[in-house]
Amino acid sequence: MPKLALFASGNGSNFQAIVDAVNKGQLDAEIPLLICDQKNAYVLERAAKANIEAHTFTFKDYGTKQAFEEAIVSLCQRHDIDYIILAGYMRIIGNTLLEAYQGRIINIHPSLLPSFPGLHAIEQAFEKGVKITGITVHYVDEGVDSGPIIAQAAVDIREDDTIETLTERMHETEHELYPKTIARLLETKGRKICK
Ligand code: GRF
């Protein structure tokens with residue numbers, strides 16, 4: 001069974017959707033680890049409820065990005081992790097993680113990339129007045145939201161939408177797309193052995 005480490009910084013609704021999909025038998029994977037970088041994040045409560053081991057790495061406890069990521073890589077390797085799944089993890093992934101898990105780090109972003117990368121993507125699309133936005137699942141590379149695209153789903157922006165109503169539909173779409181995309185990817189690629 002492929003082993004996933006989920007990385008999150010906040011609410012963790014995507015974390016929850018992936019855990020639920022595993023529990024319902026819709027995603028054949030194990031989730032031995034949650035990696036979090038914020039000690040008060042709500043996702044930590046979700047992990048506790050789901051009986052998933054959670055580790056919080058506070059960046060300022062480490063001198064450099066390299067030292068911070070080395071600690072994370074070492075924990076992931078101890079758990080024999082195959083794929084890293086970013087689910088609202090608000091840090092740019094550096095070389096240490098990228099080299100250890102080359103081609104095996106996946107992210108979800110709330111826009112139709114390459115439009116609206118970076119922070120506040122839902123607001124960016126709404127304010128620009130585009131009529132269709134959506135969700136992208138992609139591989140992580142050294143850039144910001146720039147890696148190869150794996151899957152996308154469109155979300156219409158309606159005349160009467162507010163940021164709140166649009167955000168709600170965006171999240172619903174994420175929760176459907178992310179577990180399905182991971183399941184498909186694992187079926188195609190199978191389990192890869194860590195370096
Ligand atoms: C999602 O919108 C995701 O696309 C983005 O961060 C948000 C995380 O939400 N990368 P949640 O913590 O999973 O609820």
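What follows draws every value from the coordinates through simple rules; no lab data is involved. Treat the numbers as computed from the prediction; the structure is a model and nothing was measured. All Cβ positions, even for glycine, are placed from backbone atoms using ideal geometry, and neighbour counts span all protein chains on display.
What about Leu4, is it buried (at least 16 other Cβ atoms within 10 Å of the Cβ) and within 13 Å of the ligand (Cβ to nearest atom)? Against the criterion (buried (at least 16 other Cβ atoms within 10 Å of the Cβ) and within 13 Å of the ligand (Cβ to nearest atom)), Leu4 does not qualify. Selection over the range 65-81 of residues that are without any contact (Cβ under 8 Å) to a residue 12 or more places away in the chain and within 11 Å of Leu4 (Cα to Cα) gives a count of 0. Within the range 152-182, if we keep just the residues that are of a type outside the set (Val, Ile, Thr) and away from the ligand (no atom under 13 Å from the Cβ), the residue that is nearest to Leu98 (Cα to Cα) turns out to be Lys180.
Table: residues versus (1) surrounded by 12 or more Cβ atoms within 10 Å (Cβ to Cβ); (2) under 16 Å from Phe7 (Cα atoms).
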position	(1), (2)
Tyr89	yes, yes
Ile93	yes, yes
Ala100	yes, yes
Val155	yes, no
Thr188	no, no
